[in-house]
Amino acid sequence: MQEIELQVKRIQEKLQQLLKQRDLLLKENGKLKEEILQLRQEEARHTGRLEQLQQQVEIVRSTKEAMSEGEKRALEKRLGQYIREIDRCIALLAE
């Protein structure tokens, strides 16, 4: 009879150990899932930024190659006019 009680006690102890180990593994699993989510979000941000930079590079390349000196001067002149007009609007708003 005493031997059966010892076996039951050992089984209960092993069960307790398994339950503690299970709880630890569940906590670790939760932390890892959270980390995965954060890494995926970060990856998405980096991917979006990369695409944006690639578009900017393409725009600069096409603009640089496609414009002659005269076109560049004309663009600079138009930009200067826009900047002066914006400055006038800001001055009017400031009054």
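Summary table
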read-out: All positions within segment 57-80 that are of a type in the set (S, T, N, Q) and surrounded by 10 or more Cβ atoms within 10 Å (Cβ to Cβ); value: Ser62, Thr63
read-out: Unique match (being part of a helix (DSSP H, G or I), under 38 Å from the mean Cα position of the chain (by Cα) and among the polar types (S, T, N, Q)) among Gln21, Gln7, Gln17, Gln81; value: Gln21
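A short reminder: the numbers here are calculations on the coordinates, not readings from a lab. Since we're looking at a predicted model, the values are computed, not measured. Note that we place each Cβ from the backbone using ideal geometry, even for glycine, and neighbour counts take in every protein chain shown.
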